[in-house]
Amino acid sequence: MKYASTMTSSESELNKISTELKHLSLKRQQLLERKKLQCIFQELQNRVQLEQPEEGDPYQHEIDSIDDKLNQLAERKAELQKNHDNMVYGNDEKNSLKAPTVILDLENLPPRPTRTQCPECEQFITTETFTSISSVTWLMCFMTALIGCIAGCCLIPFCMDRFKSTTHRCPKCRTSIITIKQL
Ligand SMILES: [Zn+2]
């Protein structure tokens, strides 16, 4: 009986961790979007007025503070991932080496089948991966064409997986979990 109750508490703890990780990923996305906007504003301002404004660059300040927040998020994520690993595999170093790593941070999935938790059905799964042509593939194609396209060299990027997007899919519920763009 006692054993069962500890199991449930550690399971709810695991759920809490994965919920917070999801929340952090969302927040990171938002911060990255904001940073992109600030960089665009900064670029525009630099083009309009060539001399630096006297009161310093407000956009740079904003970008720095976003970077700070991003670093904090990354630290918190690493901490959560460590807590999670400790709970699943125990603190024993040997144990954690034997067990395959479950990567909960979906943005860090490598471009190959990986053990993770499906955000849809919440089961621990090994993802199926497939590659698809992305904007990067086209970009590489155009760049090869610019350099000088002899005998269809610009088609090479379409044959190389590192210039394509990798999509991870859950084998149980068939949901596409995340698409990772290369470069
Ligand atoms: Zn699933």
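The values are calculated or read from the model by the stated rules, or taken from the named source; none is laboratory data. Given the structure is predicted, the values throughout are model-derived calculations rather than measurements. Cβ atoms come from the backbone with ideal geometry, glycine included; neighbour counts cover every protein chain shown.
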> Restricting attention to region 118-132, does a residue exist that is in a loop (DSSP other than H, G, I, E, B), of a type in the set (A, V, I, L, M, F, W, C), out of contact with any Leu (no Cβ under 9 Å at 6 or more places or on another chain) and within 16 Å of the ligand (Cβ to nearest atom)?
Replying inline: yes
> Of the numbered conditions (1) away from the ligand (no atom under 16 Å from the Cβ); (2) surrounded by fewer than 16 Cβ atoms within 10 Å (Cβ to Cβ); (3) closer than 12 Å to T129 by Cα, G152 satisfies every one except a single condition; which is it?
Replying inline: (3)
>> Just to be sure I understand the filter: pairs with C-beta atoms under 7 Å, separated by 6 or more residues or on different chains, first member in region 9-32 and among the acidic types (D, E), second member in a helix (DSSP H, G or I) and surrounded by fewer than 16 Cβ atoms within 10 Å (Cβ to Cβ). Which pairs pass?
In response: E13/M87
>> Pairs please, first residue from region 161-183 and under 22 Å from L104 (Cβ atoms) and of a type in the set (A, V, I, L, M, F, W, C), second anywhere and more than 9 Å from the ligand (Cβ to nearest atom) and at pLDDT 90 or above, Cβ atoms under 6 Å, 6+ apart in sequence or on different chains.
In response: I177/H168; I178/H168
>> Every residue in region 133-149 that is in a helix (DSSP H, G or I) and surrounded by fewer than 18 Cβ atoms within 10 Å (Cβ to Cβ), please.
In response: S135, V136, W138, L139, F142, M143, T144, A145, L146, I147, G148
> Take the residues of region 167-182 that are among the β-branched types (V, I, T) and in a strand (DSSP E or B): which is nearest to the ligand (Cβ to nearest atom)?
Replying inline: I177
> Which of the residues that make up region 155-166 are hydrophobic (A, V, I, L, M, F, W, C), over 21 Å from the mean Cα position of the chain (by Cα) and either over 15 Å from T131 (Cα atoms) or not in a loop (DSSP other than H, G, I, E, B) (or both)?
Replying inline: L155, I156, F158, C159
> What number of residues in region 157-175 are in contact with a Cys (Cβ under 8 Å, 6 or more places away or on another chain) and surrounded by fewer than 17 Cβ atoms within 10 Å (Cβ to Cβ)?
Replying inline: 4
